[in-house]
Amino acid sequence: MTFEAFMQNLMNGVSLGSLYAMIAIGYTMVYGILRLINFAHGDLVMLGAYWVFYGVAIFQLPWWVTFPIAILLTTLVGIIIERSAYKPLRNYPRINLFAAAVGVSFLLENLAIVIFGGRPKAFSRPGFLDSQIKIGNVTLVSYTLIIIVTAIILCALLIYIINRTKVGMAMRAISKDLETTSLMGININHIITIAFAIGSALAAAGGILWAVKFPQLNPLMGMAPGLKAFIAAVLGGIGNVWGAMIGGLLLGVVEIMLVALFPTMAGYRDAFAYAILILLLLFKPTGIMGEVQAEKV
Amino acid sequence: MAAKRNLYLTLVAITVVAILLWFAQENLNPYYQRILTLSAIYSMFAVTFNLIFGYTGQFSLGHAGFAAVGAYVTALLTMSPAQKVANFFLQPIVPFLRDVELPFLPALLIGGFVTVLVSLIVGVPALRLRGDYLAIATLGFSEIIRVLLVNLQPLTNGALGLKGIPSNTNLLYAWGMLGFCVFVCKRLVDSSYGRAMKSVRDDEVAAEALGVNLFKHKILAYIVSSFFAGIAGGLLANLISTIDPKVFYYTLAYQIVGITVMGGMGSLTGSIISASLYTIFLELLRPIESQINIGSLQIPGIPGMRMVIFSVLLLVVILFYRKGLMGDTEFTWDALFRFLRKPKGRNDQEGKVA
C-alpha cells in the first residue's frame, strides 16, 4: 500500500471511528448512570438522520437551520423516552428496564417504517460537505475532515461538562452511587434527564454525519451503528467516556484498515466488530480504560 | 390421590389434543392450519426465550440467529439434490451437502444440535461474565450469522436464499415438537437445576454464595434454549418453504421478547397463550394493512401498522401490567378445579396458584 492510500484509509477510519465514538458516548453515559443498555439509542441515530432528510427535502430549509432542529427534536424524543418508559421502572429489577428498552426500540423502528416508509431514501449532502480537498497527494472528500472536527469539538465540550460543571459532577456522583447521591440533595431525576438529553443530542449529531457519510436512509439503519458503537463502548471500558472515544476510534480504524489490507474480506466487514467483541469478552471484559468494579451486594 | 388424578387428566388431555390435531389436519382449511402451525412455532420461540430470560434471568437476544442456523441446516438437509442444484446457480453447492437428503425428523434434530454448537461460540465467553454483555453479544451473534449467510455463497446460497424447501411441517409435527419442548423445559425448571436457575435470576451473588455454579446453570439454560429455538427455526423453514437471510433480521428476536413478556416472564403457559394470540391477532389485523373499499370510498392501507400496534401493546404491558398475562403462574389442574369450585373468589388467590 502506498503512503497516499494508507493516509486515505487512515482518515476514512478515523472519521468512521469518530462517528462510532459520538454514538458510543451516549451509550456509555446511560450505562454508567443507570446500568441500562439503551437499545433505543441506535434508533435515535436513525431519527436524527431522518429529521434532516425531511427538513432539507420537504421543507427546503438550509442545512444550518435543519441540523440544529434535527438535534433538538431527537433530544426531545430522547427525553420523552426516558421520562415515559425508563423512569417508572427505575426501582424494578433491571430485567424490566431491558425489556422496556427493547420495546422502545421496536416501537421507534415500526413507527419509522409506517411514518417514513420502509423504502430506503437517498440523502443529499449539502455542497460544502461534498467537495474535494487535496493535501499533498492525498485526496479527501471534505465530509471526512468535517466529521472528525465536529467529533473533536463535541467530545471536548462533553469532557468539559462532565469534569468542570456542577451537572457533570452530579453525573459522576450518580454513576458511583445513585442512592447516596440523592441523599446529598441532588435531584437525580433532573440529572438523569440531562444525561439522556446529552446522549440523544450526540446520537442525533452522529446520525446526521452518518447519513452524510453513508447517504442512504432506512428505518432500521440505526441498528448497525448502534450495535457497533456499543461494542466500541465495551472496547473502551463501558461507563467511561474517554474509553468510548478511544474504543470508537480504534474500531473505526481497524475496520477500515482490515478491508483495505484484505479486500477479499470486504463482505465480512460488518461481522468483524462482533468478532472483536467476543474476543474482548474472552480476554479483557473490562475494556481498555475500564476499572474492575467490586460487585455490590 | 391428587397427583395421580392430575397425571391421568394430563394424559387424557394430551390424547384429546392429539386427536383434535389429527382431525384438524385432515379437515381444517389450509389457511387456518397454517396459522395454528405458526402459533406452535412462535410458542416454541417464546418458551425457549422464557427459559433463558424468565427463569434464568439472562437477556439473550440471539433467537433470530438460533432460528437462522436451525432453519438453514434443516432446509439444506431436507431439500432434494436436484432442488439444491437448481437453487445454487451462482456457485455450486459444497459437495458434502449436495447429495444429502434426510427425513424430516433427523434433519430437525441435527439442526438443533448444530444451533447449540454455533451458539456456544458466543455463549461461553458471554455467560462466563457477570453483567449485561450477553444481550449485546447475542445480538451481535445474530448479525454475524446474517453476514455469514449472505457471504458464504456455496454453503447458504447467499442473499438469494433457499427456495423449494419441502413443506414437511404440519400441525402434528409443530405441536408435537412444542409438546416435547414444553415437557423438557417444565421438567428442567421443576428440578433442582431449575431452582438453581431461578436463584441465579433473583440474585447472582447470593446464589453463588450458596454454592450454585453460576456458569453451569446459565449455560445449561442457554443450551436447551438454543436447541429448541434451532428446531423451531427448522420447522419454520419447512413451513414457509422459502428462506433468505432477511427472514432472520434481529427484529425477530424483538418480537420474541415481546411475546414472552406479554405472556408473563416465568410462565410457560403464558408464553404459549401469548404466542398463539399474537399469531392470530396479527392475521386478524391484516386488513388494516391493505386497501379497504367502501363503495367508491377507498381507504389506503397502512403497511407496518400491525407491528406498531404490537409494540405499543408491548410497552403498555411492560409499563403498567408488569406481570403479563400469567405472571409467573402456570396452568395446573388444581388451579382449574379451584377456579371451577369458587369462581368469584379467584381474585384473592391469584399469585398463589402455582
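Evaluating 6.51 cos²θ - 1.76 cosθ + 1.60 at θ = phi - 60° for every residue in the stretch A:128-145, the Karplus couplings come out as 5, 8, 10, 8, 8, 10, 10, 10, x, 9, 8, 9, 10, 7, 4, 5, 4, 6 Hz, glycine and proline recorded as x. The convex hull defined by the C-alpha atoms of the stretch B:252-320 has an orientation-averaged projected area of 5.3 nm².
Over 26 Å apart at the Cα level, from the set B:LYS186/B:LYS218; A:LYS228/B:LYS198; A:LYS213/B:LYS246, are A:LYS228/B:LYS198. Round to a whole angstrom and tell me the spacing of the C-alpha centers of the stretch B:23-63 and the stretch B:199-232. Centre-to-centre distance over Cα atoms comes out at 22 Å.
Per the Kirkwood definition applied to all pairs of different Cα atoms, how many angstroms is the hydrodynamic radius of the protein assembly as shown?
With all distinct Cα pairs of the protein assembly as shown included, I get 26.2 Å.
Which of rounded, prolate, oblate describes the stretch A:7-81, given a ≥ b ≥ c as roots of the alpha-carbon gyration tensor eigenvalues and a/c under 1.5 marking rounded, otherwise prolate only if a/b is larger than b/c? Oblate shape, in that a/c is at least 1.5 and b/c is the bigger or equal ratio. Site pair B:VAL124 and B:LYS4 shows an inter-label distance of 4.9 nm when each label is modelled 7 Å from Cα along Cα→Cβ. Reported to the nearest whole Å, the Cα centre-to-centre distance from the stretch A:2-75 to the stretch A:233-275 is 16. The stretch A:77-91 and the stretch A:156-192 have Cα centres lying 18 Å from one another. For chain A, the longest principal axis of the Cα atoms and the long axis of helix A:241-261 meet at an angle of about 30 degrees.
Could you work out the per residue convex hull volume over the alpha carbons of the stretch B:160-212, in cubic angstrom? List each step's numbers first, then the result.
Values: hull volume 6.9 nm³, N = 53.
About 130 Å³ per residue, rounded to a whole number.
Return one number: the angle in degrees, 0 to 90 and rounded to the nearest 10, between the long axis of the Cα atoms of helix A:166-176 and the longest principal axis of the Cα atoms of chain A. The angle comes out at about 70 degrees. Considering helices alone, the calculated mean residue ellipticity of the protein assembly as shown at 222 nm is -23000 deg cm²/dmol, with DSSP H runs of length four and up weighted by -39500 (n - 2.57) and normalised per residue. When every Cα-Cα distance of the stretch B:35-100 is counted in 10 angstrom steps from zero, the calculated P(r) takes the values 18, 34, 24, 20, 4 percent.
Peptides A:103-112, B:138-147, ordered by how many other C-beta atoms sit within 10 Å of their residues on average, highest first, read B:138-147, A:103-112. Over the stretch A:17-221, the reciprocal of the mean inverse Cα-Cα separation, the Kirkwood hydrodynamic radius, stands at 17.9 Å.
When a/c reaches 1.5 or more, the comparison of a/b and b/c decides; with that in mind, is the stretch A:98-216 rounded, prolate or oblate per its Cα gyration tensor? Write out the running numbers ahead of the final one.
Values: a/c = 4.01, a/b = 1.45, b/c = 2.76.
It comes out oblate by the Cα gyration axes.
Kirkwood radius, the stretch A:57-118, all distinct C-alpha pairs, inverse of mean reciprocal distance: 13.6 Å. For the stretch A:154-164, putting each phi into the Karplus relation 6.51 cos²θ - 1.76 cosθ + 1.60 with θ = phi - 60° gives couplings of 5, 5, 4, 4, 5, 4, 4, 4, 5, 8, 10 Hz, in residue order, rounded to whole numbers and with x for Gly and Pro.
Set against the 2.2 N^0.38 Å expectation for a compact globular protein, the stretch B:188-288 has a Cα radius of gyration ratio of 1.34. Of all complete DSSP H helices in chain B, those with a Cα span along the helix axis of 20 Å or greater and a mean Kyte-Doolittle hydropathy of 0.5 or more are B:2-27, B:30-50, B:63-78, B:104-128, B:133-151, B:171-190, B:214-240, B:268-284, B:305-320.
What distance in nm lies between label points placed 7 Å from Cα along the C-beta direction at A:PHE59 and B:ASP190? Label-label distance for A:PHE59 and B:ASP190, simple model: 6.1 nm. Inter-label distance, B:VAL312 to A:ILE135: 5.0 nm, where each label sits 7 Å from its Cα along the C-beta direction.
Spread over its residues, the convex hull of the C-alpha atoms of the stretch B:86-229 is 127 Å³ per residue. With coordinates expressed along the principal axes, the C-alpha atoms belonging to the stretch B:1-119 extend over 63, 42, 25 Å, beginning with the largest.
Given a Förster distance of 22 angstrom, what is the FRET efficiency for B:GLU101 paired with B:SER167, based on the Cβ-Cβ distance and rounded to 0.05? Please report the intermediate quantities before stating the final value.
On the way: r = 15 Å, r/R0 = 0.69.
FRET efficiency, B:GLU101 to B:SER167: 0.90.
State whether the stretch B:8-249 is rounded, prolate or oblate according to the following rule on the C-alpha gyration tensor (a ≥ b ≥ c being the square roots of its eigenvalues): a/c under 1.5 gives rounded; otherwise a/b larger than b/c gives prolate, and the remaining case gives oblate.
Oblate, since a/c reaches 1.5 and b/c is not below a/b.
Summarising the amide proton neighbourhood of A:VAL141: residues at separation of 5 or more, or on other chains, whose placed amide H is nearer than 5 Å comprise A:ILE133. By how many degrees, 0 to 90 and rounded to 10, does the Cα axis of helix A:269-283 deviate from the longest principal axis of chain A? Helix A:269-283 and the main axis of chain A meet at about 40 degrees.
Readers should treat all values here as calculations from the given coordinates under stated rules, not as data from a laboratory. Note that the structure is a prediction, hence the values are computed from the model and not measured. When we count neighbours, we look across all protein chains shown, and the Cβ atoms used for this are built from the backbone with ideal geometry, even at glycine.
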